[in-house]
Amino acid sequence: MAGIITRASSPPPPAPATSARAATAEPAWIRWLLITIGVGFLVFFLLLPLVAIFHEAFKRGVALYFATFQDQYALHAIRMTLTVAAISVPLNLLFGLAAAWAITKFTFRGKSLLVTVLDLPFAVSPVIAGLMFVLIFSTTHGWLADPLRNADIQIIFALPGIALATVFITLPFIARELIPVMQAQGRDEEYAALTLGAGGWRTFLTVTLPNVKWGLFYGVVLCNARAMGEFGAVAVVSGNIKGRTSTMPLYIETLYFEYQSAAAFALASVLSLLAVATLALKNFIEWRAARARFKA
Amino acid sequence: MNSEAANQRTQAAPDPKPDKARRLSRRVIPGFGLSMGITITWLTLMVLIPLAAVFIRTSGMGWEEFWRAVTSRQVVASYKVTFGVSLLAAMTNAVFGFIVAWILTRYRFPMRKLVDALVDLPFALPTAVAGLALTALYAETGWLGQLFYPLGIETAYSRTGIFIALTFIGLPFVVRTVQPVLEDFDREVEEAAASLGAGRLRTFVSVVLPALVPALLTGFALAFARAVGEYGSVIFISGNMPMRTEITPLVIVKHLENYNYPHATAVACVMLVASFAMLLVVNLLQRWSESIGQARG
């Protein structure tokens with residue numbers, strides 16, 4: 001679902017000054033009242049929480065803030081999070097490229113059904129996402145319990161389970177960013193390249209990819225942010241064993257409920273920076289796209 | 001499992017050789033087989049089979065036990081909290097999200113760009129971090145909690161807390177569905193209404209608003225669907241008291257922690273059916289929205 005939204009959010013061209021056309025403009029007091037309500041709502045629900053994270057992280061001093069990152073469990077959780085992202089993002093990158101290529105470059109029956117299936121992970125509660133993999137891979141209750149036990153393979157309460165749940169949750173993101181960009185690009189340039197004798201891979205690498213590189217880049221960054229931040233699905237499959245299967249979001253929860261709130265907020269501030277950087281990149285790419293349109 | 005999975009697969013796979021596809025099978029652009037193969041295999045393995053697992057596990061448990069599992073007092077109380085509070089949060093987002101979309105497209109004010117960028121924060125911020133931040137803010141000693149507690153409003157560890165968390169995570173949906181429609185809206189229609197003597201309010205209610213209703217409803221449904229499944233942000237701020245502030249995803253987690261897999265699966269099955277129903281509604285709404293756009297286009 002988020003993908004539908006990010007696709008829809010093209011950069012708004014600045015609205016023309018409305019004061020000159022009083023007939024289709026609201027009175028100034030209504031305008032400012034609405035601006036105050038809208039901005040006030042966002043300040044209360046978005047800006048203050050963001051500020052609060054950094055305030056809470058630093059309020060006991062910079063030394064304590066940095067001490068958080070010397071805790072061996074915190075370091076393990078950070079490594080775990082990086083590993084999970086390093087597994088799930090490339091997998092979804094390959095999938096996203098294939099899905100976007102199939103959906104935008106060809107006409108076939110059942111396309112809208114395929115897109116609906118692609119969106120399913122947006123509609124499923126993260127907790128249920130975790131549960132699905134437990135039902136399949138648990139060594140006590142899963143479908144594959146016997147073969148997994150015999151082969152001594154641990155998937156649930158271990159890294160593979162965390163990676164699986166994360167892949168599921170982040171599955172649509174890259175495809176969803178690429179599809180509208182590739183759709184807007186059309187097929188003409190590919191036709192031209194192929195007519196001029198380029199092979200399929202060459203066309204893909206030298207024509208298609210350069211055209212969609214920014215959309216692809218943002219898709220990867222967004223997918224990465226979601227992979228590093230996933231909580232519900234990972235909580236269900238990981239067992240949250242400190243120092244073994246704890247990721248950053250899980251360790252934040254552990255710290256918080258162990259009353260180490262400064263440390264919890266310190267780790268949270270790192271993930272918040274990642275989120276802010278993701279938003280900044282999104283806006284940078286949209287600004288570039290808007291400028292390119294303006295020039296053209 | 002296999003028959004169900006195979007069944008799901010044929011559903012997802014487009015019929016390989018309908019007339020149009022056959023004509024296009026000598027298509028110019030290569031890579032149909034490869035990209036389609038990867039897409040369908042991956043979706044089947046990662047999405048369809050795991051989802052089928054929930055339904056198949058449930059179907060194996062017998063009607064009576066299923067019914068007992070999904071209608072126990074604790075679970076029913078959690079449905080009320082989850083769906084009730086999600087509905088309230090989505091309605092709040094419909095109202096305020098509409099205002100935000102309106103001011104972002106229609107007005108100019110200082111830092112408009114920054115405000116616009118901030119709207120996407122709930123998409124990018126991990127839910128656990130959001131829950132942590134909102135709890136710090138709205139707890140009794142928090143910056144905002146200090147304002148509400150003297151008034152007798154408990155903003156944390158209560159349903160109000162759940163409402164705050166669900167409003168936060170659903171916030172971008174209405175803004176980002178209404179905003180593009182509002183941008184494309186033809187101002188000349190409004191001018192026509194005004195020149196025909198309609199007041200500003202009349203123009204808004206009978207000209208602008210009807211065009212935005214499908215987008216507004218879509219955003220509302222998306223925010224609602226997202227809120228119903230939310231877990232991470234809520235568990236920090238809700239206090240998680242059974243019967244009072246326990247959401248359904250948490251009930252599933254608690255069943256799992258007690259190794260009560262059948263009941264966890266049964267409740268999950270109910271949630272999935274609800275989610276799919278909402279997905280269907282969203283798809284229908286979007287189709288409606290597009291048809292209006294084309295009719296006007």
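The values are calculated or read from the model by the stated rules, or taken from the named source; none is laboratory data. Predicted model, so just to flag it, every value in this text is computed and none were measured. Reconstructed Cβ throughout: ideal geometry from the backbone, glycine too, with neighbour counts over all protein chains shown.
Of all residues assigned to region B:250-263, at least one qualifies as being crowded, with 24+ Cβ neighbours inside 10 Å, under 22 Å from the mean Cα position of the chain (by Cα), modelled with pLDDT of 95 or more and in a helix (DSSP H, G or I). In region B:171-206, the residue that is nearest to the chain's Cα centre (by Cα) out of those that are in a helix (DSSP H, G or I) and more than 10 Å from chain A (Cβ to nearest Cβ) is B:205. Is there a residue in region A:152-172 that is more than 8 Å from chain B (Cβ to nearest Cβ), in a helix (DSSP H, G or I), touching a residue at least 40 places away in the same chain (Cβ under 8 Å) and touching a Lys or Arg at 6+ places or on another chain (Cβ under 7 Å)? Yes; the residues of region A:152-172 include at least one that is more than 8 Å from chain B (Cβ to nearest Cβ), in a helix (DSSP H, G or I), touching a residue at least 40 places away in the same chain (Cβ under 8 Å) and touching a Lys or Arg at 6+ places or on another chain (Cβ under 7 Å). Taking the listed residues B:85, B:95, the one that is among the β-branched types (Val, Ile, Thr), in a helix (DSSP H, G or I), in contact with a Leu (Cβ under 8 Å, 6 or more places away or on another chain) and within 26 Å of residue B:157 (Cα to Cα) is B:85, with no other qualifying. Only residues that are touching a Ser or Thr at 6+ places or on another chain (Cβ under 9 Å) and acidic (Asp, Glu) were counted in region B:233-289, giving 1.
Quick grid of which residues meet (1) out of contact with any Ser or Thr (no Cβ under 8 Å at 6 or more places or on another chain); (2) closer than 21 Å to residue A:89 by Cα; (3) within 11 Å of chain B (Cβ to nearest Cβ):
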position: A:195; (1), (2), (3): yes, no, yes
position: A:207; (1), (2), (3): yes, no, yes
position: A:225; (1), (2), (3): no, yes, yes
position: A:230; (1), (2), (3): no, yes, yes
position: A:248; (1), (2), (3): no, yes, yes
position: A:265; (1), (2), (3): yes, no, yes
position: A:271; (1), (2), (3): yes, yes, yes
position: A:278; (1), (2), (3): yes, yes, yes
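Filtering region B:124-159 to residues that are touching a residue at least 24 places away in the same chain (Cβ under 8 Å) and either in contact with a helix residue (DSSP H, G or I) (Cβ under 7 Å, 6 or more places away or on another chain) or of a type in the set (Phe, Trp, Tyr) (or both) leaves B:126, B:127, B:128, B:130, B:131, B:132, B:134, B:135, B:138, B:156, B:157, B:159.
Kindly evaluate residue B:114 against the criterion of being in contact (Cβ under 8 Å) with a residue 40 or more places away in the chain and part of a helix (DSSP H, G or I). When the stated conditions are applied, residue B:114 does not pass them. Per the listing A:53, A:78, the residue uniquely at negative phi, of a type in the set (Val, Ile, Thr) and more than 10 Å from every other protein chain (Cβ to nearest Cβ) is A:78.
Identify, please: which residue in region A:49-74 is over 22 Å from residue A:246 (Cα atoms) and in contact with a helix residue (DSSP H, G or I) (Cβ under 6 Å, 6 or more places away or on another chain) and is, among those, surrounded by the most Cβ atoms within 10 Å (Cβ to Cβ)? Checked region A:49-74; the qualifying residue surrounded by the most Cβ atoms within 10 Å (Cβ to Cβ) is A:49.
Considering A:258, A:253, A:177, A:189, the condition of being of a type in the set (Asp, Glu) and under 22 Å from residue B:43 (Cα atoms) is satisfied by A:177 alone. When you look at residue A:130, is it among the small types (Gly, Ala, Ser), in the same structural domain as residue A:103 (by TED's automatic domain parsing) and surrounded by 24 or more Cβ atoms within 10 Å (Cβ to Cβ), yes or no? So residue A:130 fits the description; yes.
In region A:92-117, how many residues are more than 7 Å from chain B (Cβ to nearest Cβ), aliphatic (A, V, I, L, M) and either under 20 Å from residue B:287 (Cα atoms) or under 15 Å from the mean Cα position of the chain (by Cα) (or both)? Residues meeting the conditions: 3. Do the conditions hold for residue A:83, that is, is it buried (at least 22 other Cβ atoms within 10 Å of the Cβ) and part of a helix (DSSP H, G or I)? Taking the combined requirement at face value, the residue does not satisfy it. Inside region B:207-235, residues that are closer than 30 Å to residue A:169 by Cβ and either assigned to a helix (DSSP H, G or I) or not assigned by TED's automatic domain parsing to the domain that holds residue B:122 (or both) make up a count of 20. Considering the conditions (1) farther than 19 Å from residue A:133 by Cβ; (2) surrounded by fewer than 21 Cβ atoms within 10 Å (Cβ to Cβ); (3) facing chain A (nearest Cβ under 10 Å), residue B:236 is excluded by exactly one of them, (2). From the list B:94, B:77, which one is crowded, with 16+ Cβ neighbours inside 10 Å, among the hydrophobic types (A, V, I, L, M, F, W, C) and within 14 Å of chain A (Cβ to nearest Cβ)? When all the criteria are applied, what remains is B:94.
Exactly one of these conditions fails for residue A:206: (1) closer than 30 Å to residue B:28 by Cα; (2) without any contact (Cβ under 8 Å) to a residue 40 or more places away in the chain; (3) surrounded by 14 or more Cβ atoms within 10 Å (Cβ to Cβ). Give me its number. (3) is the only condition that residue A:206 fails. Tell me the residue from A:192, A:198 that is more than 25 Å from the chain's Cα centre (by Cα), in a loop (DSSP other than H, G, I, E, B) and among the small types (Gly, Ala, Ser), please. A:198 is the lone residue from the list that is more than 25 Å from the chain's Cα centre (by Cα), in a loop (DSSP other than H, G, I, E, B) and among the small types (Gly, Ala, Ser).
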